[in-house]
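Structure, as structure tokens:
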Amino acid sequence: MKIYKAKDYTDMSRKAANIISALIILKENCVLGLATGSSPKETYRLLVERYKAGDLDFSGVTSINLDEYRGLAPDNDQSYRYFMDTNLFNHININAENTHVPNGLEQDSILECARYEELIRKLGGIDLQLLGLGHNGHIGFNEPAEVFTADTHCVDLSESTIEANKRFFDSADDVPRQAYTMGIKTIMQARRILMIVSGDSKAQIVKQAFFGPITPRVPASILQLHNNVTLVGDEAALSLL
Ligand code: GLP
């Protein structure tokens, strides 16, 4: 595992944008696994900036997102599809048809999860998967559990995740209780993992995830078994390492 220590959130985002930019330049038809949340926002802004400066071309890129709330329409401003459109896709020259997010409106979860797995397979797998880290160690929406769930699945969100994500909604009651998420195997099959973490509230869980026991109680701990992981964190998030 490579660990890059950044000064702060801005520096973390710059380093992450550098790594993603390098991939796009070297492999113009790459498959990018993308994430939502506050961690990647500035990274996306920098990618947009570089596109506008003429340094990046997304016309051959395909994107596939980690997760989506179940029940939210794409135009709901809390959906992850909306987040991706407004923070990245609408501002770059990626072909909209090549941007993929689980369909939150699909009621049949077995169908939707199977469709998503098949889609990733058809795309030839993910070249680089960008990940944030939940305070409870979740990646995507793989919540702490007794076992790792391998494939894309429908998950009941934990109380701590609902609590953490309610800041984006009018109230905790408005946070959807379920989500579709890539599974642990889906994520682990990505050829390269790039995790970004910032802030002292993540320090403890970063230490547990990367230097503690590998357990489904801390889903991100499985990344210790991946052979190409880059962790980019700011000083605060990496302060306990
Ligand atoms: C959310 C998302 C994750 C994200 C994580 C951390 O619940 N499902 O994909 O990485 O929580 O979010 P943040 O970056 O806002 O701390």
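Remarks
- Flag if ILE94 is assigned to a strand (DSSP E or B) and not basic (Lys, Arg): no
- Every residue from region 156-173 that is open to solvent by 10 Å² or more (accessible area, probe 1.4 Å), under 16 Å from SER79 (Cα atoms) and touching a residue at least 12 places away in the same chain (Cβ under 8 Å): LEU157, ALA164, PHE168, PHE169
- Some residue of region 69-80 being in contact (Cβ under 8 Å) with a residue 24 or more places away in the chain, surrounded by fewer than 18 Cβ atoms within 10 Å (Cβ to Cβ), farther than 18 Å from GLY140 by Cα and among the hydrophobic types (A, V, I, L, M, F, W, C): yes
- Selected residue (criterion: least open to solvent (accessible area, probe 1.4 Å)) from residues of region 24-51 that are within 16 Å of the ligand (Cβ to nearest atom) and basic (Lys, Arg): LYS41
The values are calculated or read from the model by the stated rules, or taken from the named source; none is laboratory data. Worth saying up front: this structure is predicted, and the values here are computed from it rather than measured. Neighbour counts are summed over all protein chains in view; Cβ atoms, including those assigned to glycine, are modelled from backbone coordinates with ideal geometry. Heads up: the accessible areas ignore ligands, DNA and RNA and are worked out on the full protein's heavy atoms, side chains in. Shrake-Rupley method; radii C 1.70, N 1.55, O 1.52, S 1.80 Å.
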